Structure formats: C-alpha cells, structure tokens
Amino acid sequence: MSPTTVNLYEARPRNALRVASVPDIGLLQGIGLRVGTRVVVQNRYTFGGPVVLKVEDAFCVAIGKDVATQIAVTEASS
C-alpha cells in the first residue's frame, strides 16, 4: 500500500513527512525544500495563516498557505 499524498497545509502536525513535490520557487530550493526532504509540521495557524516546519531536524521556517498548498508530502517511513 503506497503512502497517501496530501498538500503540506493539510498535513497533520507533529508527523514526520517526506516532500513528494515542490513548485519551482527558488526560495524553497534555497532553504532545502526538495523532493525527499524530511519535514515536520510544527504548527499550522488558523484563518489561512502560515505553516511552521522543521526542516531535516535542523531549523524551522514558516511557509505561507498559498505556497504550502502547492507542496505535496507523504508520511516518512522513519
């Protein structure tokens, strides 16, 4: 059974995730968000606010809802 793909904005907080696809936005590449990158949603703010991610257990970054909905993720298998 293959893992379910959801957009980053819909992902459940505190779960380890792997990036499945990323829009072609240079800033995302610059912060290390590439296919295969491990991320954890730390917080998702209400009313269309940003998603705060921990990237590769290294640092946290906030991604706006409009971009977060374009990033596909799956559950990480450890």
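The values are calculated or read from the model by the stated rules, or taken from the named source; none is laboratory data. On a predicted model such as this, the values are computed, not experimentally measured, just so you know. Here the Cβ positions follow ideal geometry from the backbone for every residue, glycine too, while neighbour counts run over all protein chains shown. Note: areas computed on protein heavy atoms with side chains; ligands, DNA, RNA excluded. Shrake-Rupley method; radii C 1.70, N 1.55, O 1.52, S 1.80 Å.
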task = For residues that are within 9 Å of the chain's Cα centre (by Cα) and farther than 15 Å from Asn7 by Cα, tally how many sit in the stretch 28-78.
result = 2
query = Right, Val19: touching a residue at least 12 places away in the same chain (Cβ under 8 Å), aliphatic (A, V, I, L, M) and touching a Gly at 6+ places or on another chain (Cβ under 9 Å) or not?
reply = yes
ask   = Given the stretch 7-78, what strands (runs of 3 or more DSSP E) lie entirely inside it while holding 3 or more residues that are among the β-branched types (Val, Ile, Thr) and open to solvent by less than 80 Å² (accessible area, probe 1.4 Å)?
value = 38-44, 51-55
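Okay, residues lined up against (1) touching a residue at least 60 places away in the same chain (Cβ under 8 Å); (2) touching a strand residue (DSSP E or B) at 6+ places or on another chain (Cβ under 6 Å):
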{"position": "Ala11", "(1), (2)": "yes, yes"}
{"position": "Asp24", "(1), (2)": "no, no"}
{"position": "Val35", "(1), (2)": "no, yes"}
{"position": "Tyr45", "(1), (2)": "no, no"}
{"position": "Val51", "(1), (2)": "no, yes"}
{"position": "Val73", "(1), (2)": "yes, yes"}
